[in-house]
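Asks: Have a look at this one.
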Amino acid sequence: MKRLCSGKWVLLLSVLMALPAAAVARVISVSNVDALYDAVNNPANAGATLVLLRGTYVLSATDSSNAPRPNGGRIELQPNMSIVGVEGDRDAVVIDASGLPVSSFPQTNGPNAAVRMGLGHNALEWFSVRNAVNAQANIDTGLQATDPGTAYIEVAHVASSGGVRGLEVINYGPQTSGQTIDAEITDSYFFDNILGTGEGIRIGSFVGAVGGTVNIWMSGNISWGNLTGRIFENARAENSTINAFSLGNRPMTTKREQSSSPESAQTTQGRMATPSTSRRSTTSSSITPRLPLWIRVGS
């Protein structure tokens with residue numbers, strides 16, 4: 001008798017069948033920008049993983065029939081949703097936001113971005129986001145204001161370039177008071193963000209947030225060609241805290257000091273830092289590559 005499956009697959013199948021349906025994330029394959037919008041804007045896809053096939057996904061405020069897209073054409077993840085590109089090649093999938101006009105973004109001082117997270121557990125992995133020229137950032141965590149729970153964010157193997165900021169991880173406004181963001185940023189590139197303030201990453205609490213907390217783990221990232229590499233800041237926020245751990249990151253350089261590529265960036269020996277209680281910590285030249293760096297910013 002022909003053996004249909006091995007013992008390990010029988011065991012795996014048994015385990016999966018024993019799990020509740022919600023414990024097994026649904027995987028949705030996406031091959032073009034319309035399919036991306038359909039998947040990301042469907043509330044029934046909360047908890048799903050969207051797997052983007054190789055290609056460039058050009059965002060737009062209207063569809064091919066000139067009908068307005070939801071959220072002005074921004075990509076706003078559903079609760080517990082993840083988006084993944086091609087594993088091993090962050091350049092194989094590109095989300096290009098250059099076509100989103102000013103009207104695609106809220107006309108306030110609050111956070112806005114082309115790709116937005118902050119509802120439950122959200123993750124972005126293995127793709128590039130570029131050219132959100134009319135937004136405050138290519139990627140942000142600004143959706144957490146609508147969710148009273150802790151936002152768990154993962155950005156891994158992502159490249160973000162060509163905007164005002166590569167990534168914003170912030171609590172903004174009184175509506176985020178008491179909220180916590182736990183973020184893990186791993187093996188990602190933030191480069192050539194030179195519009196406006198030109199920041200690779202901005203982290204903190206702002207403008208009326210009271211008791212906000214951002215806990216961030218940064219490991220193996222590279223930033224170059226920005227006007228400022230990273231900013232840790234609590235501005236016009238009360239009793240708010242940033243706890244940051246950095247390990248194995250490469251130097252962050254100013255535009256004038258930029259390396260031509262990640263591979264050509266030079267590392268320098270770091271040292272353990274004493275926790276700081278200053279409201280703002282700005283790094284534009286270096287970050288410890290070998291020894292861990294702890295940063296604490298309080299307001």
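Readers should treat all values here as calculations from the given coordinates under stated rules, not as data from a laboratory. Quick caveat, the model's predicted, so the values are computed rather than measured. Don't worry about glycine lacking a Cβ; one is built from the backbone with ideal geometry, like all the others, and counts go over all protein chains shown.
Asks: What order do you get for 131-144, 67-80, 203-216 when each peptide is scored by the mean count of other beta carbon atoms within 10 Å, highest first?
Replies: Averaged packing, sorted descending, gives the order 131-144, 203-216, 67-80.
Asks: Separate question: Using the basic label-point model (7 angstrom from Cα toward the beta carbon), what is the ARG296 to ALA235 distance in nanometres?
Replies: Spacing of the two 7 Å Cα→Cβ label points: 2.5 nm.
Asks: Rounded to the nearest 0.05, what FRET efficiency do SER31 and SER103 give with R0 = 25 Å and r taken as the Cβ-Cβ distance? Could you check?
Replies: Step by step, r from the Cβ atoms, then E = 0.35.
Asks: Still on this structure: Looking at the stretch 123-215, which GluC sites (Glu not before Pro) are DSSP coil and have at most 10 other C-beta atoms within 10 Å of their C-beta?
Replies: The qualifying sites: there are none.
Asks: Same structure, new question: Based on alpha-carbon atoms only, what is the radius of gyration of the stretch 92-165 relative to the globular estimate 2.2 N^0.38 Å?
Replies: Relative to the rule-of-thumb radius for its length, the stretch 92-165 sits at 1.09.
Asks: Report the chymotrypsin sites (Phe, Trp or Tyr not before Pro) located in the stretch 115-177 that are in a DSSP loop and have at most 10 other Cβ atoms inside 10 Å of their Cβ, or state none.
Replies: none
Asks: Could you go through the stretch 83-92 in sequence order and give the Karplus-derived ³J(HN,Hα) for each residue, using 6.51 cos²θ - 1.76 cosθ + 1.60 with θ = phi - 60°, rounded to whole Hz, and x for Gly and Pro?
Replies: After applying 6.51 cos²θ - 1.76 cosθ + 1.60, I find 10, 10, x, 9, 4, x, 8, 6, 8, 6 Hz.
Asks: Summing Lys, Arg as +1 and Asp, Glu as -1, what charge do residues with Cβ under 11 Å from the Cβ of VAL210 carry, VAL210 excluded? Can you show the working numbers first?
Replies: On the way: positive: ARG236; negative: GLU238.
Value of the local net charge: 0.
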